[in-house]
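The values are calculated or read from the model by the stated rules, or taken from the named source; none is laboratory data. Since this is a predicted model, take the numbers as computed values, not measurements. Neighbour counts run over all protein chains shown; Cβ positions are idealised from the backbone, glycine included.
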Amino acid sequence: MRVEPGAQADPEQDVITVDGRRLEPAAARTYLVLNKPRGYVTSRTDPGGRPVVLDLIRHVRARVFPVGRLDYDTEGLLLLTDDGPLTNYLLHPRYEIPRVYEAEVEGQVRDADLPRWRRGVTLADGAAMPKNVSVLRRGAATTWLSLTFAEGRNREVRRYADALGHRVVRLRRVAFGPLLLGDLPSGASRPLRPRELADLNGLRG
């Protein structure tokens, strides 16, 4: 039904659409960015009694779930939400949502080594190829790399680096799609900004 400009709608009773897409009431969904520290499991509970990421957001009343996983020793950006359709979209490998990681690896990775890092390798669960690899800085015994992958496979970055002969010492995710970790402190969380949520929804076209 077409409504006149200025007409008021009740979001609890009326179905509101824009360009054919239903708009959910603002309060119906919760979206959080968390800077996950090391030593937390990315799940709602852990049979082994280890700390879980939901321990860090006990102040949030909504029943949110992590979008994808960061392993126990990996830190950085983690999206949590109760928006199931968006979660399914972001995690589907068909849509190749980029994940950007900063990895400290053992040994020296020279500029001449980067073509090898960018070519891809075959892991136990299939071929893996990053979208981008670059050197951030070099230390005496380690190298910091930026790596972008478009899949959320289990421990993919760690296994990729191992296959190239460089064990990961430290790993953090700094971007997921349009979301950036920025200067959010470790263990802290914040709601998504309207622009960030619009950008996420915009990925669905």
Requested in this report: Sort out which residues of the stretch 108-128 are loosely packed, with under 14 Cβ neighbours inside 10 Å and either on the phi < 0 side of the Ramachandran plot or touching a residue at least 24 places away in the same chain (Cβ under 8 Å) (or both), and write them in order of number.
Outcome: Arg110, Asp111, Ala112, Pro115, Arg116, Arg119, Thr122, Ala124, Asp125, Ala127
Query raised in the report: Could you list, in sequence order, the residues of the stretch 140-161 that are part of a loop (DSSP other than H, G, I, E, B) and not acidic (Asp, Glu)?
Result: Ala140, Ala141, Ala150, Gly152, Arg153, Asn154, Arg155
Report task. Spot the failing condition for Tyr89; the list is (1) among the aromatic types (Phe, Trp, Tyr); (2) assigned by TED's automatic domain parsing to the domain that holds Arg29; (3) not in a helix (DSSP H, G or I), and only one is missed. Result -> (3)
Query - Residue satisfying all of: in the stretch 43-78; of a type in the set (Val, Ile, Thr) and assigned to a loop (DSSP other than H, G, I, E, B); nearest to Glu151 (Cα to Cα) among these - result: Val67
Report summary line: Considering the stretch 11-42, residues that are modelled with pLDDT of 90 or more and assigned to a loop (DSSP other than H, G, I, E, B), and then whichever is surrounded by the most Cβ atoms within 10 Å (Cβ to Cβ), we arrive at Tyr40
Query raised in the report: Checking Val100 against (1) surrounded by fewer than 11 Cβ atoms within 10 Å (Cβ to Cβ); (2) within 26 Å of Lys36 (Cα to Cα), which single condition isn't satisfied?
Result: (1)
Requested in this report: Starting from the stretch 190-205, keep only residues that are among the acidic types (Asp, Glu), then list their pairs with residues that are part of a loop (DSSP other than H, G, I, E, B) whose Cβ atoms are within a distance under 7 Å, requiring at least 6 positions of separation or different chains.
Outcome: Glu196/Pro178; Asp199/Pro178
Query raised in the report: Considering the stretch 172-196 alone, what residues qualify as being under 16 Å from Thr74 (Cβ atoms) and assigned to a loop (DSSP other than H, G, I, E, B)?
Result: Leu181, Leu184, Ser186, Gly187
